[in-house]
Amino acid sequence: MTDKPIEILGDPSRNKQSFTDVRLNILCCRFWKLDLWDCHDMAFPFWRIYWNKNTGGVLKKTQTTYNMEPDKIYIIPPFTSFSTKYVKNHFYKKGINVYGRSMKEHDNDKLTSESSLLHLFIHFNLGVPFDNVYPGIFQIKTTSHLLEKLNYLTNRLKIENTEFYATYTLKLQSIINDILSNIGPELFEILNVDYRILKVIRHLENHIEENPTNSELASVANMATNSFSRLFTKKMNITLHMYVMKRKIAQSCDLILHSNKSVEEVAFTIGFSDRHHFSKVFKAVTGTTPAVYRSGKFS
């Protein structure tokens, strides 16, 4: 009996594979010595990873307090409202108050840690719908593998923190992926979102400057208005109106930081009729003003 010849293909399997389209977009990565970290009710539209090389940093969300330890990494999803402080210098009870600078090559970590908080922070997005997971603060234990990568990153940031070339960027992406994959499946319950909701989410991303009514969005999903509103709130854990506002503010944050548009121009671009209303919604969502956000005085 003659063996049937094997068909040679680039991929020998005809079984279709399905991969989740996660679009990691790194916004910033810095290693600072913080002398003041009094921030209250921050809630910005990007993910944060925090790792401190020494003790003294504190995170607080509602009634839960996290005394940050060097053997733990802290992950905060977008639009999670939380507060921070450095216990050695704690003065302000409201607002966003940060004082510090980037660590330099000549800085000695051990000596600096005696009077300052050694603070690594990474801001990034994962794309829709993964930037709308449930708010919270996740903490994971550092493994020897992760610790090696984090130490490499902080040492590298002391030398160069402006130009992230391909190899450096790939290493940073690897660190973020390693950290997120250690959280567990509970973080990404949003992955199983109803296809009708996904259709509306994609529609909103392409028409963020519009101000659609609930009935108009329900028609995109081919559903009755009340039924769709209930479905959206149940699956997304947020009302349809609040979701639209958060996505508008998320896109406005990108424009504020990465365009030359004035605050008024940004407001008009994303569909607000005037700057006052935009600034009011911006502060309600993020906890700060567009001007403070543009200044970058937060971590």
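The values are calculated or read from the model by the stated rules, or taken from the named source; none is laboratory data. This structure is a prediction, so every number in the text was calculated from the model and none was measured. No Cβ is skipped: glycine too gets one built from the backbone with ideal geometry, and neighbour counts run over all protein chains shown.
Points worth noting:
- Residue match in the range 242-258 (condition: over 17 Å from the mean Cα position of the chain (by Cα) and more than 16 Å from Asp131 (Cα to Cα)): no
- Candidates Lys94, Lys61, filtered to the one that is within 22 Å of Ile249 (Cα to Cα), loosely packed, with under 15 Cβ neighbours inside 10 Å and out of contact with any Lys or Arg (no Cβ under 9 Å at 6 or more places or on another chain): Lys94
- Every listed requirement among (1) in a strand (DSSP E or B); (2) surrounded by 18 or more Cβ atoms within 10 Å (Cβ to Cβ); (3) in contact (Cβ under 8 Å) with a residue 60 or more places away in the chain is met by Ser83 save one, (3).
- Checked against (1) farther than 26 Å from Thr162 by Cα; (2) hydroxyl-bearing (Ser, Thr, Tyr); (3) in contact with a strand residue (DSSP E or B) (Cβ under 7 Å, 6 or more places away or on another chain); (4) surrounded by fewer than 17 Cβ atoms within 10 Å (Cβ to Cβ), Tyr134 passes all but condition (3).
- When residues of the range 90-143 are limited to those that are assigned to a strand (DSSP E or B) and among the aliphatic types (A, V, I, L, M), the one farthest from Glu69 (Cα to Cα): Ile96
- Pairing residues of the range 196-210 that are under 17 Å from Ala267 (Cα atoms) with residues that are part of a loop (DSSP other than H, G, I, E, B) and of a type in the set (A, V, I, L, M, F, W, C), at Cβ distances under 9 Å and at least 6 apart in sequence or on separate chains, gives Leu204/Val128; Glu205/Val128; Ile208/Ile270; Glu209/Ile270.
- From the list Tyr92, Tyr66, the lone residue that is over 30 Å from His203 (Cβ atoms) and touching an Asp or Glu at 6+ places or on another chain (Cβ under 7 Å) is Tyr92.
- Residues being part of a loop (DSSP other than H, G, I, E, B) and free of Cβ contacts under 8 Å to residues at least 24 places away in the same chain - total across the range 247-295: 7
- Qualifying residue in the range 219-239 (condition: more than 30 Å from Trp37 (Cβ to Cβ), of a type in the set (Lys, Arg) and either touching a Ser or Thr at 6+ places or on another chain (Cβ under 6 Å) or modelled with pLDDT of 90 or more (or both)): yes
- Annotation note: Cβ proximity below 8 Å between a residue of the range 113-132 that is more than 15 Å from Pro78 (Cβ to Cβ) and a residue that is part of a strand (DSSP E or B) and of a type in the set (S, T, N, Q) (sequence gap 6+ or interchain) occurs for Leu117/Asn52; Leu118/Asn52; His119/Asn52; Leu120/Asn52.
- Within the range 27-58, if we keep just the residues that are hydrophobic (A, V, I, L, M, F, W, C) and more than 26 Å from Pro129 (Cα to Cα), the residue that is surrounded by the most Cβ atoms within 10 Å (Cβ to Cβ) turns out to be Trp37.
- Of everything in the range 264-280 that is of a type in the set (Gly, Ala, Ser) and surrounded by 13 or more Cβ atoms within 10 Å (Cβ to Cβ), the residue that is farthest from Leu204 (Cα to Cα) is Ser279.
- Of the helices (runs of 4 or more DSSP H) contained entirely in the range 191-238, those carrying at least 2 residues that are within 25 Å of Asp274 (Cα to Cα) and not aliphatic (A, V, I, L, M) fall at 195-206, 214-220.
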